[in-house]
Amino acid sequence: MSSFSSFDISASGVFAQRTRMDAIANNIANAESTRTSEGGPYRRQTVTFRAVYENSLGNPAPGGVRVESVTTDPSDFRLVHDPSHPDADANGYVKMPNVNIVEEMVDMISATRAYEANITAMNATKSMINAALDMGKA
Amino acid sequence: MSRDLFNDVTSTTLRKTLDATVLRQKAIASNIANVETPGYKRAAVSFEGELKRVLDRSRGPQALDAVKSLQPIRQTDTQSPARPDGNNVNIDAEIADLNKTVLLNRAATTLLQIRGNMMKSAVEAKR
């Protein structure tokens, strides 16, 4: 077991939160996109995480986190009455993406805080390794 | 005497404490990385309680052997209350633990260094 592996664990956390932040940014950017290459309005993206364990001597040791998948949210689209919109149906309703801006903002705060917590852990690991290195100095 | 310079209870205890802090740091890093993973149960490392028990029980050479065979124990904490998604990481508690672990590590390295300096003075026979 190396003390440097704590860095890798924190790095996996930083990467996971950044991936989540990318998905949130994409959701906010596309909150009004009614056309996508798959056809229909944009669907909200969600990121799923999975805990990773490394097997050392048959005893599973914590090994960080992994981005399991980026999936689309199957919930219903928002219906907005706007007959002047080119994508409006016969009754004047437009299907808008199933993105809720407020929800995305809350997720964004949560991702930012989790990102910072991982950076804090990384700095703590660094200070421990520095303490060990300083022992060698007279 | 067959005892070498760093083969005493104090140095061994400090080294074991360093081992424990490094292992605990890894557990905390993993808990923080998994703060948003559904179903994740926090990892914990126990050491101080067992160390205290060993040092309360034995003295001298027995204490040295007992401390030497002591190992920090990694556990999965399933007791702490979990959130609705099954995850039981409390980020504030983890950050507090993180700071405690770093300070304990600093204390142990500083004491080991002081001990090393004492040995150095003895070896150099400073007057």
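None of the figures in this text is laboratory data; all of them are computed from the coordinates on show. Just so you know, these numbers come straight off a predicted model, no measurement behind them. Note: ideal-geometry Cβ built from the backbone for every residue, glycine included; neighbour counts use all protein chains shown.
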For chain A, compute the orientation-averaged projected area of the C-alpha convex hull (one quarter of its surface), in nm². 11.8 nm²
Long-range amide H contacts for A:Phe49: which residues qualify at under 5 Å (H placed 1.01 Å from N, peptide plane, sequence gap of 5 or more or a different chain)? A:Glu68
Taking the Cα centroid of region B:102-127 and of region A:69-116, what is the distance between the two, rounded to the nearest whole Å? 61 Å
Along the charge dipole of region B:9-125, which of B:Ser121, B:Thr13, B:Pro72 sits closest to the positive end, that is, farthest toward it, with unit charges on the beta carbon of Lys, Arg, Asp and Glu (+1, +1, -1, -1)? B:Ser121
Please state, to two decimals, what the Cα-based radius of gyration of region A:46-123 comes to when divided by 2.2 N^0.38 Å (N = residues). 1.79
Using unit Cβ charges (K, R positive; D, E negative) and no other charged atoms, how large, in debye to the nearest 20, is the dipole of region A:6-135 about its Cα centre? 220 debye
Per residue of B:35-46, what is the mean number of Cβ atoms on other protein chains within 10 angstrom of that residue's Cβ? 4
I'd like the FRET efficiency for A:Ala11 and B:Asp56, computed as 1/(1 + (r/R0)^6) with the beta carbon distance as r and R0 of 45 Å, rounded to 0.05. 0.65
Using helices alone, I'd like the mean residue ellipticity at 222 nm for chain A: each DSSP H run of four-plus residues gives -39500 (n - 2.57), total over residue count, nearest 500. -15500 deg cm²/dmol
With R₀ set to 30 angstrom, the calculated FRET efficiency between the beta-carbons of A:Asn55 and B:Gln79, to the nearest 0.05, is 0.80
Around B:Thr110: net Lys/Arg minus Asp/Glu count, Cβ-Cβ under 13 Å: +2
For region B:9-125: lysine pairs with Cα atoms under 15 Å, gap of 8 or more or different chains, count? 5
Low-density loop trypsin sites (Lys or Arg not before Pro), region B:16-124, at most 14 other Cβ within 10 Å, DSSP non-H/G/I/E/B, are B:Arg59
Give me the number: length gained by fully extending B:Phe6 to B:Asn99, i.e. 0.36 nm times residue separation minus the C-alpha to C-alpha distance, one decimal in nm. 30.7 nm
For the protein assembly as shown, what is the charge dipole size about the Cα centre, in debye to the nearest 20, if Lys and Arg each add +1 at the Cβ and Asp and Glu each add -1 at the Cβ? 1760 debye
Neighbouring partner chain Cβ atoms per residue of A:36-49, average, 10 Å criterion: 1
